[in-house]
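Trainee: First the structure, which I've put down as structure tokens, then a few questions once you've had a look.
The values are calculated or read from the model by the stated rules, or taken from the named source; none is laboratory data. Computed from a predicted structure; not experimentally measured. All Cβ positions, glycine included, derive from the backbone under ideal geometry; neighbour counts span all protein chains shown.
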């Protein structure tokens, strides 16, 4: 819990020190978000769907490590076009496999921290971002709304790991998803 508090404090300090940047909002679509994720998260590997064989349920994935312990998915809303047929974002999903220490796989918490900090900075006001971060590092299922976003968090204990799953669903009927400019680079 102390580590989560530290991450939240560092994140909020970074946001509040660049308030003028954090207050800028813009509508983002799938290509714009993919570009932002590529620039700010330093993915170990990325996957775009083949136009001939579209991805099942998501259009893009960013994987943090070779074990796929932290994965960020972006899914479009095929039924909604925005501003001249751009791909509207329907859902963003973050999955973290928190491996047990006995599994001797890896500690992916630093990557999970980086990814959740990006989402909190990108889609939430600094005063509301702590709730998202604390929810993600918690062990209780939770659902809440923030503006036109529905946030669903599930925590499941599996053999050798705890599975954290966070979904941010865009509920804007016109497909408009507003994002903040990331106030700083989020590096490993």
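Trainee: Which condition does residue 186 not pass, out of (1) modelled with pLDDT of 90 or more; (2) surrounded by 16 or more Cβ atoms within 10 Å (Cβ to Cβ); (3) under 19 Å from residue 42 (Cβ atoms), if it passes all the others?
Mentor: Exception for residue 186: condition (1).
Trainee: Under 7 Å between Cβ atoms, at least 6 apart or on separate chains: pull out the pairs that start in region 150-169 with a residue that is outside any strand (DSSP E or B) and end on any residue that is modelled with pLDDT under 95 and buried (at least 16 other Cβ atoms within 10 Å of the Cβ).
Mentor: Final answer for the pair search is 160/99.
Trainee: Kindly provide the set of residues from region 120-157 that are at pLDDT below 95, out of contact with any strand residue (DSSP E or B) (no Cβ under 9 Å at 6 or more places or on another chain) and either loosely packed, with under 15 Cβ neighbours inside 10 Å or closer than 13 Å to residue 96 by Cβ (or both), ordered by number.
Mentor: Hit for region 120-157 is 127, nothing else.
Trainee: Just for helices (runs of 4 or more DSSP H) wholly inside region 1-94: which have at least 1 residues that are at pLDDT 70 or above and loosely packed, with under 14 Cβ neighbours inside 10 Å?
Mentor: In region 1-94, the matching helices (runs of 4 or more DSSP H) lie at 30-41.
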